[in-house]
1. Could you give every pair whose Cβ atoms fall below 7 Å, whose first residue belongs to region 260-280 and is among the charged types (D, E, K, R), and whose second residue is outside any loop (DSSP other than H, G, I, E, B), counting only separations of at least 6 or pairs across chains?
2. With the structure loaded, tell me whether Ile224 is touching a helix residue (DSSP H, G or I) at 6+ places or on another chain (Cβ under 6 Å), buried (at least 20 other Cβ atoms within 10 Å of the Cβ), at pLDDT below 95 and not in a helix (DSSP H, G or I) or whether it fails that test.
3. Before we move on, is Leu103 under 17 Å from the mean Cα position of the chain (by Cα) and assigned to a loop (DSSP other than H, G, I, E, B)?
4. Count, please, the residues in region 168-189 that happen to be over 20 Å from Phe380 (Cβ atoms) and either among the small types (Gly, Ala, Ser) or not assigned by TED's automatic domain parsing to the domain that holds Arg63 (or both).
5. Identify the residue in region 338-359 that is surrounded by fewer than 18 Cβ atoms within 10 Å (Cβ to Cβ) and within 21 Å of the chain's Cα centre (by Cα) and, among all such residues, is farthest from Leu231 (Cα to Cα).
6. Taking region 72-100 only, how many residues are of a type in the set (A, V, I, L, M) and outside any helix (DSSP H, G or I)?
7. Only residues in region 52-64 that are within 17 Å of Ala250 (Cβ to Cβ) count as the first member; pair them with residues that are of a type in the set (A, V, I, L, M, F, W, C) and assigned to a loop (DSSP other than H, G, I, E, B), Cβ under 7 angstrom, at least 6 apart or cross-chain, and list the lot.
8. I'd like the full set of residues that are charged (D, E, K, R) and over 22 Å from the mean Cα position of the chain (by Cα), limited to region 267-307.
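The values are calculated or read from the model by the stated rules, or taken from the named source; none is laboratory data. Being a predicted model, the structure only gives us computed values, none of them experimental. Using ideal geometry, Cβ is built from the backbone for each residue, glycine included, and neighbour counts are taken over all protein chains shown.
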Amino acid sequence: MKDTVYAALEQGFTAPVRDVLWGHIYLTPGMEALATSAPFMRLHRIFQLGPAYCVYPGATHTRAAHSIGVYHLARRILRNFAERGADAWISPVGVRSFLAAALLHDLGHFPYTHSLKELPLEDHEALTGKIIMAEPVKSLVADTGADPYLTAGIIDTDMPGDDEKELLFYRKLLSGVLDPDKLDYLNRDARYCGVPYGAQDVDFILSRLHPHCERGIDIDSRAIPSVESVLFSKYLMYRTVYWHPAVRSATAMIKKALLGGLENRSIAQEELYNLDDQSLFTLMAHRKDPLFALGDKVRDGCLYTTAAEFSYNETLHRELLDIANRSSHEETLAAELSDVSGIRLFPHEVIIDIPEPITFETGLYVTDKGCYFERSSGVFKGETVDSFIKSLHTIRIFIDPVHKKWIRPDSAGHNSQKLNPKLYDILHIKKNWL
């Protein structure tokens with residue numbers, strides 16, 4: 001088995017791709033055909049970080065570049081694991097299927113980062129599975145030596161196969177604490193944003209990983225600082241890049257426009273699948289719904305300004321996670337602000353933004369300690385991870401900047417950071433909505 005697994009990982013990788021982050025990445029001719037297919041080429045037209053370029057002008061790298069990077073790291077991990085005993089349970093077809101899954105894992109991803117994530121749409125992993133099981137991708141995947149169904153099942157964990165040992169192993173590899181997806185996007189996003197927070201010592205990390213049939217990836221104690229670095233880097237990247245207030249504003253504006261369009265049926269769910277960044281803006285620009293003007297504003301960089309923000313409150317966050325409740329509160333808030341200011345604020349000019357739930361995975365087993373990472377780390381206990389999540393989950397109220405003079409009076413030229421007292425009262429009373 002080792003010889004055939006080795007051949008699946010080493011033979012035929014003759015097509016080079018030059019990557020900014022990892023240098024030369026080698027594809028087989030079959031993988032190259034996948035990477036030049038029309039469904040994959042769409043990923044070249046989707047920015048990995050959506051509106052982050054409004055804050056970090058270099059953040060214009062694409063989901064295609066990221067996907068190729070994930071494929072590269074997936075191959076490196078499997079090569080290491082095949083030498084460390086994983087050849088006992090992985091097969092040549094499984095190896096090629098995992099590499100194809102790594103390359104195609106974002107194939108069904110929505111445009112403009114996570115602006116569409118809370119909308120009543122299919123999960124992008126399910127969409128990816130459907131694309132892989134349809135032509136032309138199905139045949140192209142098979143031509144690589146992979147099994148299309150196994151490839152789709154690695155990505156879409158709702159597909160049947162929970163009793164298949166090799167499938168579960170690959171699912172653990174593709175999504176976890178030290179998965180190739182995370183190791184690529186942290187490093188790549190930091191590089192293109194020009195920030196130091198995401199940089200990881202990938203060579204050292206890969207040297208300390210050990211395969212386990214059920215758990216996927218184990219580590220030894222020398223990797224504990226590296227895991228801590230990954231977790232802290234993820235926190236810093238969310239705090240400074242992914243959930244920067246301007247990024248949250250742009251994301252919330254797109255989300256509000258599309259949610260309204262879906263609710264009043266000026267747009268259909270199916271129209272939002274298989275779009276890229278530009279076609280998303282084009283779709284909104286050609287619809288008559290006034291809400292879609294928010295798309296034009298985002299495209300032109302006219303983002304809503306922060307009127308107020310509130311730190312983590314469990315009850316309030318739980319209430320506002322329901323996007324329908326959030327819309328109702330926005331309408332009420334717009335009416336109250338209109339009454340106080342004497343200026344008409346329409347419901348679409350007030351947006352309540354609450355970040356979606358995130359996790360900081362810590363479930364790695366430390367082989368030479370005989371326990372899981374959380375018990376081995378001196379820093380990342382459960383309460384530490386909880387505090388990270390709470391500090392990131394800030395509720396913000398964004399308002400159309402045409403009302404900025406009223407929101408933050410600046411007539412004297414030195415008071416732009418202070419809210420209008422009446423607005424301050426209303427917004428902070430809203431902390432007691434419930």
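1. Glu271/Leu283; Asp276/Arg42; Asp276/Arg45; Asp277/Arg45; Asp277/Phe47
2. Values: touching a helix residue (DSSP H, G or I) at 6+ places or on another chain (Cβ under 6 Å): yes; buried (at least 20 other Cβ atoms within 10 Å of the Cβ): yes; at pLDDT below 95: yes; not in a helix (DSSP H, G or I): no.
In short, no.
3. Values: under 17 Å from the mean Cα position of the chain (by Cα): yes; assigned to a loop (DSSP other than H, G, I, E, B): no.
No: the conditions fail for Leu103.
4. Total satisfying the criteria: 0.
5. Only one residue tops the list, namely Glu356.
6. Taking region 72-100 as the starting set, the residues that turn out to be of a type in the set (A, V, I, L, M) are 73-74, 77-78, 82, 86, 88, 90, 93, 95, 99-100.
Now drop any that are not outside any helix (DSSP H, G or I), which leaves 90.
The qualifying residues number 1.
7. From residues that are within 17 Å of Ala250 (Cβ to Cβ), the pairs are Ala52/Ala59; Tyr53/Ala59; Cys54/Leu303; Ala59/Leu49.
8. Looking only at region 267-307, we keep the residues that are charged (D, E, K, R), and these are 270-271, 276-277, 287-289, 296-297, 299-300.
Within region 267-307, Arg287, Lys288, Asp289, Asp296, Lys297, Asp300 qualify.
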